[in-house]
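What follows is a single structure, written as C-alpha cells, with notes after it.
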Ligand SMILES: [Zn+2]
C-alpha cells in the first residue's frame, strides 16, 4: 500500500458516501423551484455529477451532520434528526435536516466561505427548497441555517409555509412526473434549457 493508493481509496470512499446519486428516476422536492424541463431531463439522463462535485458535497454533508449534532446537544428531545420525506405516491422525495417541536422544519446549508453566505435574504432557490419540503412534509414553518465552512459564521432565517407556493411545487412535480412517464420533456420555463443542452 503506497501513498497514492491510500489517496485513491480515500477519494473513492468519499465519493461513495457523498449522499448523491446520479439523480435518475427520482424527483427531489427540494428542487421544485427549478425549470421543469431540466428536472425531467435529469430524471431521464442523470445529473452529470462529477467527481469534484462529489467530494465537495461530502464536505457539505459532513458539516451538516456536525450541525445536527450541535442541535441535538442544544435542544435535546425537542429536536429530532434528519429524515426523508415522500410525496405523490413516493415519486417525489426530499431530505430534512431535522425538525424542532412543534412542527418546525430545519434545513441546513453549508457554504464554503463567508462570501457565499446570503446577503440579507435567502436565495430564491433555497426559499423554494424550504417551501417544497414544508408542502410535502406538512410543516408550518422552517428555519434555514447557513454555516460558513471557512469561518464557522452562522446565519439563520425563518419562513412560514406559503400554501400558494406549495401548490405550485406540487403542480410542477406532477407535470415533471407525467412528462417523464409519457417520454416527452415539458416546455422550458427558464429560457436556458436549449443552450444548456436539456433537449
Ligand atoms: Zn428551462
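Which order do the peptides 180-186, 34-40 take when ranked by the mean count of other beta-carbon atoms within 10 Å per residue, highest first?
Highest mean packing first, the order is 34-40, 180-186.
For 63, 29, which order do you get if you count the other beta carbons within 10 Å of each Cβ and list the fewest first?
With the fewest neighbours first, 63, 29 line up as 63, 29.
Fewest Cβ neighbours within 10 Å first, please rank 126, 135, 25 accordingly.
25, 126, 135
What ratio of Cα Rg to 2.2 N^0.38 Å holds for segment 14-161?
1.04
Taking the chain as a Gaussian network, where each spring joins two C-alpha atoms under 10 Å apart, which residue of 169, 188, 142 fluctuates the most?
Evaluated over the chain, the most mobile residue of the options is 188.
Using alpha carbons only, how many angstrom separate the centre of segment 1-78 from the centre of segment 140-199?
For segment 1-78 versus segment 140-199, the Cα centre distance is 17 Å.
Which of the peptides 114-124, 84-94 is most tightly packed, and how do the rest follow, going by the mean number of other Cβ atoms within 10 Å of each residue?
84-94, 114-124
I need 109, 59 ordered by Cβ neighbour count within 10 Å, fewest first.
Final ranking by Cβ density, sparse to dense: 59, 109.
Per the Kirkwood formula on distinct C-alpha pairs, the Rh of segment 1-95 is how many angstrom?
15.7 Å is the Kirkwood radius here.
How much of the DSSP bridge set in the chain is antiparallel, in percent, rounded to the nearest 5?
Close to 60 percent.
Explain nothing, just the number: relative contact order of the chain, from Cα pairs under 8 Å at least 6 residues apart, as a whole percent.
Reported relative contact order: 25 percent.
Could you work out [θ]222 nm for the chain from helices alone, using -39500 (n - 2.57) per DSSP H run of at least four and dividing by all its residues? Round to the nearest 500 deg cm²/dmol.
It comes out at -14000 deg cm²/dmol, rounded to the nearest 500.
Rank by packing, highest mean first: peptides 64-72, 3-11, with packing defined as the count of other Cβ atoms within 10 Å averaged across residues.
Ranking the peptides 64-72, 3-11 by packing returns 64-72, 3-11.
Any read-out appearing in this document is the output of simple, stated calculations on the displayed coordinates, not a laboratory observation. Bear in mind that the values here come from a model prediction, so they are computed numbers and not experimental data. As a convention, Cβ positions derive from the backbone with ideal geometry for all residues, glycine included, and neighbour counts pool all protein chains shown.
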